[in-house]
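The values are calculated or read from the model by the stated rules, or taken from the named source; none is laboratory data. All values derive from a computational prediction rather than experimental measurement. Every residue, glycine among them, receives a Cβ derived from its backbone with ideal geometry; neighbour counts consider all protein chains shown.
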Amino acid sequence: AGADYTIGTASATVTIYDDERPDISLVASNPSAFEWNGTTTGHGAFTATCTPAVAITVPVTRTGTATEAVDYVSAMPTSLTFSPTVGTLIVPVTVINDTLVEGTETVTLTLVASATKAYQLSAKTGTVTIYDDEKPFIGVSASDVTAKEPGADTGRFRLTRMPVTNLP
């Protein structure tokens, strides 16, 4: 470092994806699922995308703290199959509304890298968070994310409690 400056991050990485191999991504397209809503349970979802020239099957692993058939009814796949005509797959997570005090739980899907380099993964992991309704959930978000001095333009936070009750 010089006397007149300080070096922050001194290096960075750029990943170059091969355009001859299909690029596959997985995201939690609906990353939050809730037990409450009366008799209607919440839904989370994962979306996987790929545009292969020929059919391709990608292994998937499931981890997280939520238990299949106890916390959600969706059968998680062990693989996803894409074809030239099916480039987007949606994996739903349908929550079971139970009476157990569990707290927040997660379901994570991870695409498994190809040992033969038949495809590449640009985004390989997604997590859906399941919020329990036996204890209130309190969240905070910024509904106005900017504020200016001297105070004419104030920032704003929003606190949300779910489920909504008449309790203090």
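Would you please list the contacts, defined by Cβ atoms under 6 Å and residues six or more apart or on different chains, that run from a residue in the range 150-161 that is of a type outside the set (A, V, I, L, M) to a residue that is loosely packed, with under 10 Cβ neighbours inside 10 Å?
From residues that are of a type outside the set (A, V, I, L, M), the pairs are ARG156/SER143; PHE157/VAL140; ARG158/SER143; ARG161/ILE138.
Looking for something within 19 Å of PRO31 (Cα to Cα), part of a strand (DSSP E or B) and among the aromatic types (Phe, Trp, Tyr) - is there at least one such residue anywhere in the range 130-152?
Looking for residues that are within 19 Å of PRO31 (Cα to Cα), part of a strand (DSSP E or B) and among the aromatic types (Phe, Trp, Tyr), one finds at least one in the range 130-152, hence yes.
Hey, among the residues in the range 44-83 that are of a type in the set (A, V, I, L, M), within 30 Å of ASP132 (Cβ to Cβ) and loosely packed, with under 13 Cβ neighbours inside 10 Å, which one's modelled with the lowest pLDDT?
Within the range 44-83, the first condition is being of a type in the set (A, V, I, L, M), and the residues that meet it are 45, 48, 53-56, 58, 60, 66, 69-70, 73, 75-76, 80.
Among the residues that remain, those that are also within 30 Å of ASP132 (Cβ to Cβ) are: 45, 48, 60, 66, 69-70, 73, 75-76, 80.
From the residues that got through so far, the ones that are loosely packed, with under 13 Cβ neighbours inside 10 Å too are 69-70, 75.
Details: ALA69: 88, VAL70: 88, ALA75: 78.
This residue is ALA75.
Each row is one residue, and each column tells you yes or no for (1) under 16 Å from the mean Cα position of the chain (by Cα); (2) free of Cβ contacts under 8 Å to residues at least 60 places away in the same chain.
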| position | (1), (2) |
| --- | --- |
| VAL73 | no, yes |
| SER79 | no, yes |
| ASN97 | no, no |
| THR106 | yes, yes |
| THR110 | yes, no |
| LYS117 | no, no |
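Here is a check on your reading of the model: is THR125 touching a residue at least 60 places away in the same chain (Cβ under 8 Å) and hydroxyl-bearing (Ser, Thr, Tyr)? Don't jump to the end; show me each part of the working.
Numbers: touching a residue at least 60 places away in the same chain (Cβ under 8 Å): yes; hydroxyl-bearing (Ser, Thr, Tyr): yes.
Considered against the rule, which asks whether it is touching a residue at least 60 places away in the same chain (Cβ under 8 Å) and hydroxyl-bearing (Ser, Thr, Tyr), THR125 comes out as yes.
Out of all the residues in the range 84-138, which are surrounded by fewer than 16 Cβ atoms within 10 Å (Cβ to Cβ), touching a strand residue (DSSP E or B) at 6+ places or on another chain (Cβ under 8 Å) and more than 25 Å from ALA69 (Cβ to Cβ)?
GLY87, THR88, ALA113, ALA118, SER122, ALA123, PRO136, ILE138
Any chance you could count how many residues in the range 58-90 are part of a strand (DSSP E or B), hydroxyl-bearing (Ser, Thr, Tyr) and more than 18 Å from PHE34 (Cα to Cα)? Walk me through it before giving the result.
The first filter runs over the range 58-90 and keeps only residues part of a strand (DSSP E or B), leaving 58-63, 68, 72, 79-83, 86, 88-90.
Narrowing the set further to residues that are hydroxyl-bearing (Ser, Thr, Tyr) leaves 61, 63, 72, 79, 81, 83, 88.
Checking which are more than 18 Å from PHE34 (Cα to Cα) leaves us with 61, 63, 79, 81, 83, 88.
Count: 6.
Would you please name the residue that is farthest from ASN30 (Cα to Cα), looking only at residues in the range 91-111 that are assigned to a loop (DSSP other than H, G, I, E, B) and in contact with a Lys or Arg (Cβ under 8 Å, 6 or more places away or on another chain)? Quick ask: steps written out before the conclusion?
First, the residues of the range 91-111 that are assigned to a loop (DSSP other than H, G, I, E, B): 96-104.
Retained after the next criterion (residues that are in contact with a Lys or Arg (Cβ under 8 Å, 6 or more places away or on another chain)): 101, 103.
Numbers: VAL101: 23, GLY103: 19 Å.
Checking each candidate, the answer is VAL101.
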